[in-house]
1. Is there a residue in the range 236-252 that is at pLDDT 85 or above, closer than 19 Å to residue 178 by Cα and buried (at least 22 other Cβ atoms within 10 Å of the Cβ)?
2. What do you reckon, is residue 177 touching a Pro at 6+ places or on another chain (Cβ under 9 Å) and modelled with pLDDT under 90?
3. With the requirement that a residue be under 37 Å from the mean Cα position of the chain (by Cα) and closer than 15 Å to residue 139 by Cα, what does the range 169-184 give you?
4. Only residues that are in a loop (DSSP other than H, G, I, E, B) and within 12 Å of residue 238 (Cα to Cα): list them for the range 150-177, please.
5. Considering only the range 377-436, how many residues are over 25 Å from residue 366 (Cβ atoms) and either of a type in the set (D, E, K, R) or in contact with an Asp or Glu (Cβ under 8 Å, 6 or more places away or on another chain) (or both)?
6. Is at least one residue of the range 386-400 in a helix (DSSP H, G or I) and at pLDDT 85 or above?
7. Yes or no: residue 350 more than 29 Å from residue 398 (Cα to Cα), surrounded by fewer than 20 Cβ atoms within 10 Å (Cβ to Cβ) and either not assigned by TED's automatic domain parsing to the domain that holds residue 411 or not charged (D, E, K, R) (or both)?
8. Looking only at the range 365-417, how many residues end up being of a type outside the set (Gly, Ala, Ser) and over 24 Å from residue 72 (Cβ atoms)?
Amino acid sequence: MNVIARPETRTAATPLPPLPAGRRAGLSYAEAGGAALRALAANKLRAMLTSLGIFIGVAAVIVTVAVGAGARQQVLSQIQSLGANLLLVWGSNVRMGGVSLGAGQRPNISWDDAQAIAREVAAVEAAAGTIRQQMQVVNGNQNWSTWVLGADPAWFDVHEWSVAEGRFFSEEEAAGGRKVALLGATVAESLFGDDNPVGREVRIRATPFEVVGVLARKGQNPTGQDQDDVVLVPFWTARRSIMGASRAFARSVGSISVKVAEGEDMAAVEEELRAFFRQRHRVAANEADTVNIRNLSEIAATRDASARTLSLLLAAVAAVSLLVGGIGVMNIMLVSVTERTREIGLRLAVGARPRDILRQFLLEAVLLALLGGAIGVAAGIGLSMALSAWGGWPVLIQWNAVALAVGVSGLTGLFFGWWPARRAAALDPIQALRHE
């Protein structure tokens, strides 16, 4: 008796055997990436417009970081050009007959005060009193109006200024009132051009001076003044030969530059100097200070704060652009899911897993964002270079920031592409195949 085998019936709980590997509708990461690229290439204009927000955000991030880093680098250079841990002391406001004459109008600090600061204030490494006056400096038929400073050799240590050519004047030359001078780079170029001025002679108020050195170039200070437009001569030479004063003010100085030791609290040293001058000048408790003291690094810090404010403003623009770009990516991916509903249903029906669908749509969103990020990197670097070349803005490309911007653009695509990809993966195959 022949037994006819009946077809095997399967319950809902009995899983269907998996399809052979060659017939699976699921894709590897490489295959999913290729499929995502083909989907983007099929709608090139839409992909470019969608990535525009990411492009603007990434470009803004790169320009923000480049401008901020360049500004901070410039501030640090200016601080270093002034000298490390520098305090500047000058006479306070003077009043005569109830009328304010302004700060420093009557000399009330002296060369002896500078020497006493270096001896008696433990936190001070060096101090140098200076006098200065704008004068005409002459070499043959060339002349140049510049600031002539009379200072001790300690001034070079206080301001951490080196020589490009020649040497500094010595303590013996300073004490003996020798007529020697150092030229700033701007003065040297204006009077001698490309020639080496060391050993040559210049005249200051008809008094001949031997040029013993050319100062290394410093550039602008935080207030925008050219620090190289200066001539340095020994203090007592300047006082006796070209900046005469009455006997009462023969030892007076216009300002005192103070170099504070490394690691000392600048604010505490400033207060110590105020107390030093009140005691030395015998100022009563109810009277105002006789000196003004300025921490020059505060000026640079103010400029740094301004640069940080600008950076924060540009960063806010970048964040908004990335947000708008991310929303654009999510919107287009939702449209793509709707357009490809039947395709998704067909793939699910022939064996694709929801995670395969999720992976492909996530890759599309990430690639779309990375496309905008790559274009934004190129535009950001180009714009930074243009600002530097045409606008004179200090910029410094930070390659770690470039890498971070690209990474953030990819994460933006991942974050905003998750919901559309999840929605695609959750479609019911039957309903998806019936979609018109």
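1. Looking for residues that are at pLDDT 85 or above, closer than 19 Å to residue 178 by Cα and buried (at least 22 other Cβ atoms within 10 Å of the Cβ), one finds at least one in the range 236-252, hence yes.
2. On the way: touching a Pro at 6+ places or on another chain (Cβ under 9 Å): yes; modelled with pLDDT under 90: yes.
Yes; evaluated as a whole, the condition is true for this residue.
3. So the first thing to find is which residues in the range 169-184 are under 37 Å from the mean Cα position of the chain (by Cα), and the list is 169, 181-184.
Answer for the range 169-184, where residues must be under 37 Å from the mean Cα position of the chain (by Cα) and closer than 15 Å to residue 139 by Cα: 181, 182, 183, 184.
4. Result: 152, 176, 177.
5. Result for the range 377-436: 3.
6. Scanning the range 386-400 turns up at least one residue that is in a helix (DSSP H, G or I) and at pLDDT 85 or above.
7. yes
8. Within the range 365-417, the subset of a type outside the set (Gly, Ala, Ser) is 366-368, 370-371, 375, 377, 381, 383, 385, 387, 390, 393-400, 402, 404, 406, 408, 411-412, 414-416.
Filter again for over 24 Å from residue 72 (Cβ atoms), leaving 366-368, 370-371, 375, 411-412, 414-416.
Going through the range 365-417 one residue at a time, the tally reaches 11.
The values are calculated or read from the model by the stated rules, or taken from the named source; none is laboratory data. Just so it is clear, the model here is predicted, and its values are computed rather than measured. Neighbour counts run over all protein chains shown; Cβ positions are idealised from the backbone, glycine included.
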